[in-house]
Amino acid sequence: MSCSLCDDTGWKAVEIDGARRVDRCDCWRDALTARLLEGARVPPRYRRCDLDSFVIYPNEKLVAAVKVARRFAEEFPAAARGLCLIGPPGIGKTHLAVAVLRQVILTRGARGLFYDTRDLLRVIRSTYNPLVRTAEMDILRPVMEADLLVLDDLGSEKTSEWVEETMNLIVNTRYNERRHTIFTSNYEDTPDDSDPECLKARIGFRIHSRLHEMCEFLEFDGADYRHLPPNGGVDDLMAMWKVKPSRRTLPARSKGPVRAQLRQPEGRGRELGWSGGKAGS
Ligand SMILES: Nc1ncnc2c1ncn2[C@@H]1O[C@H](COP(=O)(O)OP(=O)(O)OP(=O)(O)O)[C@@H](O)[C@H]1O
Ligand SMILES: [Mg+2]
Ligand SMILES: [Zn+2]
């Protein structure tokens, strides 16, 4: 299809201070952005996520998280630190991470990349060959070099020495190169190290330590959006958030029926300490 501005050359004539110059045509920029968006590997479900479509309701921590995410996207690449979004399922962590990723691709032409942590490790493992590491590096290089990487569902991977070593390589490389990363996780960043379900225990103390320097931690809870009725709105979200039992009412690390109720209906099988009670309630 021919472009009326540049006749498909990718360059258009412009006038700057009275002088005729050439500049990249809009069609060239649009094509580049489309390629970058395509290359970012955002799952189809999240391809339309943006910050403006993220519904907020009077939930202080959630509102604050959206504000910080927005500021990060506006300041990118000058933002001081990446983001670590932590909280229970369905509150919009992946939505927010993708919204920021898409925004920096669209407005800054950034090379963005999305990976679910378990998927990434599975892909790397499938290419793993201790003698020839080229295939593995083909996957790892863009992950380590992306201007903005979203690593979704951190801590959900089954830990092993190989997993920790691989995650260390990725996080450490990005840390050393000062590249921005957005992590999401269901695992709380509790100070209690002995808790096997805390973030530090899930990802290892070395990555955990780097994460704190690389990222602003945004922990929030809220209504599980996946349970919102089709025509539901802000009032429903508020109501759903309020009826959730308070965290404090849960027996710690109990394997009993209360925790069983917290399992995801999708059968993702994650047993979480979260119950999403209103902060401070
Ligand atoms: N505040 C919101 N406004 C609009 N859509 C939302 C909001 N919160 C969540 N969603 C939508 O609900 C669905 C679930 O959200 P999302 O996947 O981001 O949750 P999550 O916190 O990442 O959950 P999990 O921990 O299970 O990965 C998505 O389709 C997302 O777009
Ligand atoms: Mg998610
Ligand atoms: Zn053109």
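For segment 63-79, taking the residues that are in contact (Cβ under 8 Å) with a residue 12 or more places away in the chain and part of a loop (DSSP other than H, G, I, E, B), the one that is farthest from ligand 2 (Cβ to nearest atom) is identified as Pro77.
Selection of first residues in segment 183-195 that are under 23 Å from Phe114 (Cα atoms) and hydroxyl-bearing (Ser, Thr, Tyr) and of second residues that are open to solvent by 30 Å² or more (accessible area, probe 1.4 Å) and more than 10 Å from ligand 1 (Cβ to nearest atom), restricted to Cβ pairs under 7 Å at least 6 apart or on distinct chains, gives the following pairs, ordered by first then second residue: Tyr187/Glu197; Tyr187/Arg202. Annotation: Asp23 fulfils all but one of (1) within 16 Å of ligand 2 (Cβ to nearest atom); (2) of a type outside the set (A, V, I, L, M, F, W, C); (3) assigned to a strand (DSSP E or B); the unmet one is (1).
Only one entry in Arg122, Arg178 is at positive phi, more than 16 Å from ligand 1 (Cβ to nearest atom) and out of contact with any Gly (no Cβ under 9 Å at 6 or more places or on another chain), namely Arg178. Tell me the residue from Asp147, Asp138 that is among the acidic types (Asp, Glu) and either within 16 Å of ligand 3 (Cβ to nearest atom) or free of Cβ contacts under 8 Å to residues at least 24 places away in the same chain (or both), please. Testing whether each residue is among the acidic types (Asp, Glu) and either within 16 Å of ligand 3 (Cβ to nearest atom) or free of Cβ contacts under 8 Å to residues at least 24 places away in the same chain (or both) leaves just Asp138. Exactly one residue among Leu113, Leu96, Leu85 is touching a Gly at 6+ places or on another chain (Cβ under 8 Å) and not in a loop (DSSP other than H, G, I, E, B), and that residue is Leu113. Test Arg41 against the criterion of being closer than 30 Å to Val163 by Cα, part of a loop (DSSP other than H, G, I, E, B), at pLDDT 95 or above and basic (Lys, Arg), and give yes or no. When the stated conditions are applied, Arg41 passes them. Going through (1) closer than 26 Å to Val171 by Cβ; (2) open to solvent by 30 Å² or more (accessible area, probe 1.4 Å); (3) of a type outside the set (S, T, N, Q); (4) in a helix (DSSP H, G or I) one by one, Arg29 falls short only on (1). List pairs: first in segment 211-229 and buried (at least 17 other Cβ atoms within 10 Å of the Cβ), second small (Gly, Ala, Ser) and in a helix (DSSP H, G or I), Cβ under 9 Å, 6+ apart or cross-chain? Within 9 Å, the pairs are Leu218/Ala64; Leu218/Ala65; Leu218/Ala69; Phe220/Ala64; Phe220/Ala65; Ala223/Ala239.
Only one residue in Leu96, Leu101 is under 13 Å from the mean Cα position of the chain (by Cα), near ligand 1 (Cβ under 8 Å from one of its atoms), open to solvent by less than 40 Å² (accessible area, probe 1.4 Å) and among the aliphatic types (A, V, I, L, M), so which one is that?
Values: Leu101 fails: near ligand 1 (Cβ under 8 Å from one of its atoms).
Of Leu96, Leu101, the one residue that is under 13 Å from the mean Cα position of the chain (by Cα), near ligand 1 (Cβ under 8 Å from one of its atoms), open to solvent by less than 40 Å² (accessible area, probe 1.4 Å) and among the aliphatic types (A, V, I, L, M) is Leu96.
Only one entry of Cys3, Cys84, Cys25 meets the criterion of being within 16 Å of ligand 3 (Cβ to nearest atom), hydrophobic (A, V, I, L, M, F, W, C) and touching a strand residue (DSSP E or B) at 6+ places or on another chain (Cβ under 8 Å), and that entry is Cys25. Does Ala97 meet the test of being more than 16 Å from ligand 2 (Cβ to nearest atom) and among the aliphatic types (A, V, I, L, M)? No: the conditions fail for Ala97.
The values are calculated or read from the model by the stated rules, or taken from the named source; none is laboratory data. Keep in mind that what you see is a predicted model, and the values were worked out from it rather than measured. Backbone-built Cβ (ideal geometry, glycine too); neighbour counts: all protein chains shown. The area values use the complete protein model at the heavy-atom level, side chains included, leaving out ligands, DNA and RNA. Shrake-Rupley method; radii C 1.70, N 1.55, O 1.52, S 1.80 Å.
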